[in-house]
Amino acid sequence: MKAILHARYGSPDLLRFEEVARPAPRDKEVLIKVHATTVSTGDCNMRNFTFVTKSMLPMAKLMFGIGKPWKERILGTELAGEIVGLGKDVVRCKVGDRVFGSTGMTGGGHAQYALPAWFHQGIARSGGCDRRAGLSGQERLQPRQRTRRDPA
């Protein structure tokens, strides 16, 4: 699979787009084919190593890497896509379900496939949200239209 690898602290041009091994879901995990992801401030802070206070900098450098990360990693915590693989103990969803979720602190969302830490079923088709999780049928939301779950 293709993924964007983070191996050095600094600007986005230091990221590399490469072929890596596709992850395999363990017993209680699902494998998601990523249709959409985000580049969050957390990703940028991790890439630039600007996510810690000065007092925590020595400890963070020991944990994550002094001059560069200890190991290459795939950033990205938020994703949306389709389940393509299930661990043997997964029973509440099936291959083909559309979901959105998070990889948590482990990252991995900036790749073609990811193993999320948590996810929810019922996402709209990729390419744009015309439904929200929790709506039952073929409802289409119009711009600025509210649902009962929308605040104010």
Could you give the nm distance between label points at residue 2 and residue 39, where each point is 7 Å from its Cα heading toward the beta carbon? 1.5
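Taking loop as defined by DSSP and a crowding limit of 11 other beta carbons within 10 Å, which chymotrypsin sites (Phe, Trp or Tyr not before Pro) in the stretch 15-98 fit?
70
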Extending each Cα 7 Å along its Cβ direction at residue 68 and residue 117, get the distance between those two points in nm, one decimal. 2.6
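Taking every pair of distinct Cα atoms and averaging 1/r, then inverting, what Kirkwood hydrodynamic radius in Å comes out for the stretch 2-121? Intermediate values should be presented prior to the final figure.
Working: mean 1/r = 0.0664 Å⁻¹.
Its Kirkwood hydrodynamic radius stands at 15.1 Å.
We did not get these values from a lab; they are worked out from the coordinates using the rules stated. Small disclaimer: the values here were computed from a predicted structure and weren't measured. All Cβ positions, glycine included, derive from the backbone under ideal geometry; neighbour counts span all protein chains shown.
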